[in-house]
Amino acid sequence: MKLRDYVLIRVLLSIPMILILLSVVFLILRVIPGDPVVAILGPKAPPEQVEELREKLGLNDPIYVQYFKYLGGLIRGNLGESILTGRSVSEEILERFPATLELSIVSMTIASLLGVFLGVESSRRRNTPVDVSIRVYSLAIYSIPIFWLGLMFQLIFGKYLGVLPISGRISPLMEPERITGLYLVDSILELNLRAFLDSIEHLILPSLTLGLVLSGVVVRMTRANMLEVLEKDFILASRARGVVERRVIYKDALKNALIPVITMMGLQFALLMGGAVLTETTFSWPGIGSYLIMRIGYRDFSAVQGAIVFYAILVASISVLVDIICAYIDPRVRY
Amino acid sequence: MLLDMEEVKVYYKSKGGLVRAVDGVDIRLEKEEILGLVGESGCGKSTLGLAIPKLLPKNAVLSGSTLGLAIPKLLPKNAVLSGKILLNGLEISSMRDEELRRIRGEEIGFVFQDPMTSLNPVLKIEEHFKETISSHRKLDDNEIEELMREALEDVGVPYSKAKEYPHRLSGGQRQRVMIALALVLKPSLLIADEPTVP
Amino acid sequence: MLERKMVFLGSSILLAFIAMSVLAPLCKYDPTRGVDEELLPPSREHIMGTDNLGRDVFSRVIWGSRTSLLIALISVLIASLSGIPLGILSGYFGGKMDRILSMIMDSIYSFPGLILAIAIAAVLGPGVLNVSLAIAAVYIPTYFRVMRNTVSKVKNELYVVAARALGAGDLLILKDCVLPNLIPSIVVISTINVADAILTEAGLSFLGLGITPPTPDWGYDLSNGQRFILQGAWWLVFFPGIMIVLVVMGLALLGEGLSEILNPILREEE
């Protein structure tokens with residue numbers, strides 16, 4: 001079928017998934033034992049204050065009313081107001097989204113380039129010392145807690161070598177004018193070289209941390225898939241026609257091997273989001289991850305709910321996007 | 001003389017011991033000659049074919065005729081090849097990888113047994129041709145297209161099919177595309193691996 | 001045989017850590033109280049130094065293994081006891097319930113595990129059981145999916161159909177035909193999940209959502225130690241972290257090795 005039709009069907013199919021996720025979030029945050037109001041105000045709060053907040057958060061309505069109000073608000077993009085700051089949660093989240101996005105993109109790029117390269121080279125040299133070391137690397141990198149790797153980098157590069165900053169996105173007062181919110185892009189648009197370099201300096205350690213940890217998964221998948229593809233007849237056929245080896249590996253074989261990898265990108269994305277929360281906290285990176293953790297600390301119920309809902313929608317969207325990319329690359333998938 | 005094979009042996013190292021797939025074969029082929037090797041499944045025709053261009057497949061299944069694969073040396077890693085193989089007077093058996101690569105496709109054409117699996121499912125037919133041609137000659141796009149047209153015409157496959165993916169072609173068309181790919185650079189030796197089996 | 005070496009190495013590491021947590025009380029110092037000057041670098045007295053409250057880091061690290069292993073084991077236990085029966089039943093009986101359940105589980109599975117655990121832990125609060133529940137929720141879909149897929153595949157195999165034709169009841173079929181296929185998968189998945197649970201627990205504690213002081217916990221110590229990096233107190237973050245790496249690597253090696261040995265079923269889940 002045409003790509004266009006596939007896209008449509010896939011988007012429609014994602015609606016039940018999003019609905020389920022949103023319901024799960026609702027269940028977790030409202031139905032699980034523990035009175036959020038008491039959690040927010042503390043056990044010693046006067047009863048009138050407790051009642052007032054309960055009213056305000058709509059917690060006195062029966063559950064199904066709450067549920068529909070919740071869904072209704074979400075459809076209109078209304079995530080409520082922060083209890084801490086009083087501002088619209090959607091606004092606060094969208095403000096911080098570019099920071100997470102920038103970190104994610106750079107980290108994923110590092111992870112993919114490094115991971116695919118190591119995976120391919122590992123598959124070409126099966127069971128040689130190079131292969132074994134690469135496999136050990138991918139195992140080890142999975143075992144290292146992201147935040148510990150981050151801390152070690154901070155120690156080495158921040159404290160002992162003193163060459164890189166260890167927190168924040170940019171030096172004070174150097175932010176470029178906000179067009180996209182992505183400092184790298186904005187500083188280029190503004191032709192602001194200093195801001196650009198400063199942003200990069202701040203990006204290096206966090207994205208390296210997250211990127212390295214994610215690369216482990218990519219290495220393993222790429223290696224496994226390549227090993228399978230390299231056994232195939234059409235690879236033998238390419239070699240029989242004297243196609244240059246680099247091309248056989250990096251085009252003929254890899255293009256086939258990457259298809260399942262791209263499918264796995266959906267799973268990768270989930271790992272990315274989780275990892276980003278830890279990375280942002282470690283490096284005081286002002287993204288949605290650190291927002292979530294910070295607001296949990298302040299017992300800001302609406303903000304926390306808003307952030308989790310945001311993650312749910314993001315995950316569902318990426319899942320759809322990944323499927324569409326797969327369909328584009330592998331013409332057989334479109335039935 | 002086009003092809004001269006002397007005392008060619010191919011043994012496979014396996015857990016059960018040494019498998020003597022091909023045990024001392026002599027073949028002499030002149031230009032314009034056609035040699036058909038007929039034998040039961042597993043008698044080593046396939047292996048002999050694979051031995052010459054030094055591309056031995058990993059787990060060669062000794063059934064059917066993979067004789068040709070021995071010639072471009074497309075045999076698996078656990079195969080041991082001995083004996084002399086000369087193509088147009090040049091000794092293939094002692095060539096290095098890069099020289100062999102240049103000969104494959106240019107001097108030796110190979111038609112595989114199974115057209116279903118021998119074409120890369122994620123590459124269009126024309127991409128198969130382009131990578132083959134550009135790996136051997138420096139031609140511009142028009143010249144490449146010319147060669148492609150000629151080859152496809154020779155086997156009776158409409159040129160429109162070049163922009164398609166393999167799974168969109170019929171079994172017979174795929175087989176003919178394989179032959180076209182083998183012949184596109186006009187090699188002096190063509191090895192066909194049971195080309196009539198669909 | 002590389003796989004055997006992996007299993008051997010992995011189990012040895014695991015046993016070492018189990019021994020460590022069992023023998024923790026043999027430590028000289030109490031990990032919850034200050035016993036000396038603050039922020040002492042590693043020395044003969046304190047091989048891993050002391051932290052900002054004068055506590056012996058070595059004791060904290062040894063005792064910390066208890067916390068991690070305990071929580072990891074409890075969460076995987078809860079997850080498997082919930083996910084496995086659900087998956088088996090769903091795969092065996094199929095139908096609408098199976099489709100709905102699968103859709104729910106798939107949705108949760110695709111959601112970032114850490115963030116799910118964060119949400120639940122935030123709601124439930126600190127404490128061993130709460131943290132275990134939060135982490136368990138992340139793995140239930142994994143067990144469910146693998147069990148369900150294996151069961152629905154095996155259900156149609158010849159020997160099951162034959163058994164049913166001979167009059168064997170559902171329960172007997174489950175026990176004799178279905179279960180033996182599942183045990184290897186369960187073992188491998190659980191090993192990997194325990195490894196992951198240790199990482200998740202450390203992460204939660206690092207974020208302040210897990211175990212609270214004064215209970216020794218690796219994740220908490222790392223979060224605490226971060227404040228002193230610029231002062232050069234590297235031992236506060238190095239040692240707890242390296243412990244996590246070692247125990248997780250050991251478990252991962254074990255899981256990988258077992259997986260290669262017990263293979264085919266798991267391939268699709270990877």
Which members of region C:97-143 meet the condition of being away from chain A (no Cβ under 11 Å), of a type in the set (S, T, N, Q) and under 23 Å from A:Gly297 (Cα atoms)? C:Ser132
Out of A:Leu258, A:Leu254, A:Leu230, A:Leu314, I need the residue that is touching a residue at least 60 places away in the same chain (Cβ under 8 Å), in contact with a helix residue (DSSP H, G or I) (Cβ under 9 Å, 6 or more places away or on another chain) and under 18 Å from A:Met108 (Cα atoms). Which one? A:Leu258
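Can you list the helices (runs of 4 or more DSSP H) found entirely within region A:124-221 that contain at least 2 residues being among the β-branched types (Val, Ile, Thr)?
Per the criteria, A:129-143, A:183-189.
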If you take the residues of region C:17-57 that are touching a residue at least 60 places away in the same chain (Cβ under 8 Å) and among the hydrophobic types (A, V, I, L, M, F, W, C), which of them is nearest to C:Phe228 (Cα to Cα)? C:Leu39
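Based on what the data block shows, is A:Ile166 surrounded by 20 or more Cβ atoms within 10 Å (Cβ to Cβ), within 20 Å of the chain's Cα centre (by Cα), within 12 Å of chain C (Cβ to nearest Cβ) and among the β-branched types (Val, Ile, Thr)?
No; evaluated as a whole, the condition is false for this residue.
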Boolean, B:Gly172 is crowded, with 22+ Cβ neighbours inside 10 Å and either of a type in the set (Asp, Glu) or not in a loop (DSSP other than H, G, I, E, B) (or both): no
Checking C:Tyr29 against (1) modelled with pLDDT under 85; (2) out of contact with any His (no Cβ under 9 Å at 6 or more places or on another chain); (3) of a type in the set (Phe, Trp, Tyr): exactly one of these is not met. Which one? (2)
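Here's a check for you: in region C:197-220, which residue that is of a type outside the set (A, V, I, L, M, F, W, C) and farther than 15 Å from A:Phe147 by Cβ is surrounded by the most Cβ atoms within 10 Å (Cβ to Cβ)?
C:Pro216
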Filter result for the condition that a residue is over 30 Å from B:Arg102 (Cβ atoms) and either within 7 Å of another protein chain (Cβ to nearest Cβ) or β-branched (Val, Ile, Thr) (or both), over A:Val217, A:Val248: A:Val217
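Among the residues of region A:284-303, count how many are in contact with a Pro (Cβ under 9 Å, 6 or more places away or on another chain) and under 21 Å from A:Leu71 (Cβ atoms). Steps first, answer last, please.
In the first step, residues of region A:284-303 are kept if they are in contact with a Pro (Cβ under 9 Å, 6 or more places away or on another chain); the result is A:285, A:287, A:299, A:301.
Add one more test, that the residue is under 21 Å from A:Leu71 (Cβ atoms), and what stays is A:301.
Number satisfying all stated conditions: 1.
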Name the residue that is surrounded by the fewest Cβ atoms within 10 Å (Cβ to Cβ), counting only residues in region C:241-261 that are under 16 Å from C:Ala72 (Cβ atoms) and of a type in the set (Val, Ile, Thr). C:Val245
Every residue from region B:88-122 that is facing chain A (nearest Cβ under 7 Å), assigned to a loop (DSSP other than H, G, I, E, B) and either of a type in the set (Phe, Trp, Tyr) or more than 20 Å from B:Leu190 (Cα to Cα) (or both): B:Phe112, B:Asn120, B:Pro121, B:Val122
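The values are calculated or read from the model by the stated rules, or taken from the named source; none is laboratory data. What you are looking at is a predicted structure, and each value in this text was computed from that prediction instead of being measured. Ideal geometry is used to build each Cβ from the backbone, glycine not excepted, and the neighbour counts take in all protein chains shown.
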